[in-house]
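The values are calculated or read from the model by the stated rules, or taken from the named source; none is laboratory data. Note that the coordinates shown come from a computational prediction; the quantities given were computed from them, not determined experimentally. Here the Cβ positions follow ideal geometry from the backbone for every residue, glycine too, while neighbour counts run over all protein chains shown.
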Amino acid sequence: MKKLSAIVPAGGTGVRLQSKTAKPYISLNNKPLLWYCLNSLERSRKINDIIIVSEKINLRRAGNLIKKFNFKKVKAVVAGGVTRGESVYNGLRMLDEDTDYVLIHDGARPFLESKLIDKCLTAVIKHKAVICAVPCSSTIKQADKKLRVVSTLDRNSLWQAQTPQVFAYKLIQSAYGRFRNEKTGVFDDASLVERLGRKVKIVPGTNINIKITTQADLKIARAIIKAGY
C-alpha cells in the first residue's frame, strides 16, 4: 500500500478576520478552525500521518489541541518559516523517507471531504502532481498598475486553485529544495513543480472547500455547518 502523508500549514494571525485570536484557533461552531481539516485527515483511511506547521508562538497551543481531541495521526508539530514555502519545506523535512505521496492542505480550509482525498490519491498515482480547483464562474479582467483593463481573459480555461495539492514525495521534495527561496512567482505548491517543467493535473474541487480569510468567510462557513455539513 502506498504511504500518503499530509502537511497542514496552520499559520495566520487573524488580522484580516479582525480577531485577536490566531486564525487556526478561532472558534467555528465551538471548535477551533484547525480542528476541521485535522478531523477529516484523521478519519481518512488514505492518510498515514500528519505534520502540522505552526507559527512558533503557537506550537504549544497546537500541541494542546492535538491532545484535547486525541488526533492520533499527528506525527509532529513543527515551526514554520518566514514564508509559506519555508514552512512547507520544514514540514517536508519531517516526513519518513519511505513516504510515497504528500498531501498539502491549508489549515484554514475546514471542509475537506474524504471523497476528494480519495480522488486526489487516485489521480496522483498516475500523474505525480495534482491540485484541486474549481472553474472560474466570473469574468476575469487583467489590469495594469493603474487599474486599467489590459485584457479580458477566457474564463473557460481558467480555474481557481484550492488545496489539497498532492504530489509524489520525491517530486515535491525536489521542487522545494530548488525553488523554496524564490521571492516572486511562488503562488502555491504546484507552481514550484511547474517550474521543474512538470505537468500538474486538475482534480475538480468543491465550492464548499472555502478558505477562511475574512469575517464574510466565517459567516459562510457557519451557514455550511448549519446546512448539515
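Residues that are surrounded by 13 or more Cβ atoms within 10 Å (Cβ to Cβ), touching a residue at least 12 places away in the same chain (Cβ under 8 Å) and assigned to a helix (DSSP H, G or I) within the stretch 178-201 comprise F179, D189, A190, L192, V193, R195, listed in sequence order.
Based on this model, can you work out whether A62 counts as out of contact with any Phe, Trp or Tyr (no Cβ under 6 Å at 6 or more places or on another chain), modelled with pLDDT of 95 or more and buried (at least 22 other Cβ atoms within 10 Å of the Cβ)? Here the answer is yes, as A62 does meet what is asked. Cβ-Cβ contacts under 8 Å between residues 6 or more apart (or on different chains), taken from a first residue in the stretch 202-213 that is over 13 Å from C136 (Cα atoms) to a second residue that is of a type in the set (F, W, Y) and in a strand (DSSP E or B), are listed as I202/W159. So how many residues does the stretch 82-94 have that are under 15 Å from S191 (Cβ atoms) and crowded, with 20+ Cβ neighbours inside 10 Å? Adding up the residues that qualify gives 3.
Suppose we filter the stretch 1-44 for residues that are outside any helix (DSSP H, G or I) and either closer than 21 Å to L116 by Cβ or among the small types (G, A, S) (or both); how many remain? Outline the logic, then answer.
As a first pass, look at the stretch 1-44 and keep what is outside any helix (DSSP H, G or I): 1-22, 26-32, 44.
Right, trim to either closer than 21 Å to L116 by Cβ or among the small types (G, A, S) (or both) and you get 1-12, 14, 19, 22, 27-29, 31, 44.
Going through the stretch 1-44 one residue at a time, the tally reaches 20.
Checked against the criterion of being over 17 Å from the mean Cα position of the chain (by Cα) and part of a loop (DSSP other than H, G, I, E, B), the stretch 46-63 has no qualifying residue. Residues in the stretch 66-87 that are among the charged types (D, E, K, R) and over 17 Å from the mean Cα position of the chain (by Cα) were compared, and the one that is nearest to I52 (Cα to Cα) is K75. Checked against the criteria, K211 counts as closer than 30 Å to R93 by Cα and either surrounded by 18 or more Cβ atoms within 10 Å (Cβ to Cβ) or of a type in the set (D, E, K, R) (or both). For E97, the conditions (1) surrounded by fewer than 16 Cβ atoms within 10 Å (Cβ to Cβ); (2) modelled with pLDDT of 95 or more all hold with the exception of (2). Taking the criterion of being at positive phi, of a type outside the set (G, A, S) and modelled with pLDDT under 75, the only residue of the stretch 11-37 that qualifies is Q18. Taken over the stretch 202-229, the criterion of being within 16 Å of the chain's Cα centre (by Cα) and either among the aromatic types (F, W, Y) or part of a loop (DSSP other than H, G, I, E, B) (or both) is satisfied by G205, T206, N207, I208, N209, I210, K211, I212, T213.
Scanning the stretch 67-98 for residues that are basic (K, R) and not in a loop (DSSP other than H, G, I, E, B) returns K67, K68, K75, R84. Residues that are surrounded by 18 or more Cβ atoms within 10 Å (Cβ to Cβ), touching a Lys or Arg at 6+ places or on another chain (Cβ under 7 Å), in contact (Cβ under 8 Å) with a residue 12 or more places away in the chain and of a type in the set (D, E) occur at least once in the stretch 106-113. Looking across V124, V134, V130, one residue alone is touching a Phe, Trp or Tyr at 6+ places or on another chain (Cβ under 9 Å), surrounded by 14 or more Cβ atoms within 10 Å (Cβ to Cβ) and in a helix (DSSP H, G or I). It is V124.
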